[in-house]
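All of the numbers you see were taken from the coordinates with simple rules; none came from a lab. Remember, it's a predicted structure, so these values are computed and weren't measured experimentally. Every residue, glycine as well, gets a Cβ built from its backbone with ideal geometry; the counts of neighbours run over all protein chains shown.
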Amino acid sequence: MLNKRRFSAFVRNDYDLEEKLRARGLDTVLVAGTATNICCESTIRDAMMRDFRTYMPHDAVSAPRPDGHAAGLRSVMQSFADIRSVDQILGGP
């Protein structure tokens, strides 16, 4: 488990997330959690800028208010991540 201290999991933490992912040969990041329009969006943007393939499952992120959730999804889907359901990402129906 990695403790995140900033909005983005990639910025100013006690670990280098990009280094940990690359060391394992990973090139894809799936972000789930709270809040869609703050922490999740910040992490997705940073992952994309580091050339990871990025996914944000719309049914695995949330925000305190529905309008914040919708705003975060709209922002991310424009340029930063593929937005799908968990089932779609995992290859379900």
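Give the label of the value calculated from the structure for P(r) over Cα pairs in 10 Å bins from 0, in percent, choosing from (1) 17, 50, 30, 3; (2) 13, 28, 27, 22, 11, 0; (3) 15, 44, 32, 7, 2.
Computed from these coordinates, P(r) over Cα pairs in 10 Å bins from 0, in percent corresponds to label (1).
Tell me what the chain gives for mean residue ellipticity at 222 nm when only DSSP H runs of n ≥ 4 count, each as -39,500 (n - 2.57), the sum divided by the residue total, rounded to 500 deg cm²/dmol.
Calculated mean residue ellipticity at 222 nm is -10000 deg cm²/dmol.
Counting only residues 5 or more places away or on other chains, whose amide H sits under 5 Å from the amide H of Val61 once H atoms are built in the peptide plane?
Gly33
Measure nothing fancy, just the Cα-based angle from helix 66-79's long axis to the longest principal axis of the chain, in degrees from 0 to 90, nearest 10.
The two axes meet at around 60 degrees.
Rounded to the nearest whole Å³, what is the per residue volume of the convex hull around the Cα atoms of the stretch 17-68?
69 Å³
Select from Cys40, Gly68, Thr54 the residue farthest towards the positive end of the dipole of the stretch 27-83; place +1 on Cβ of Lys and Arg, -1 on Cβ of Asp and Glu, and compute about the Cα centre.
So the residue furthest toward the plus end is Gly68.
Under a crude label model (7 Å from the Cα following the beta-carbon direction), how far is Ala71 from Ser85 in nanometres?
Here the modelled spin labels are 2.7 nm apart.
Could you work out which residue, out of Thr28, Thr54, Thr36, moves most in a Gaussian network model of the chain, that is, has the largest mean-square fluctuation with Cα springs under 10 Å?
In this elastic network of the chain, the residue with the biggest mean-square fluctuation among Thr28, Thr54, Thr36 is Thr28.
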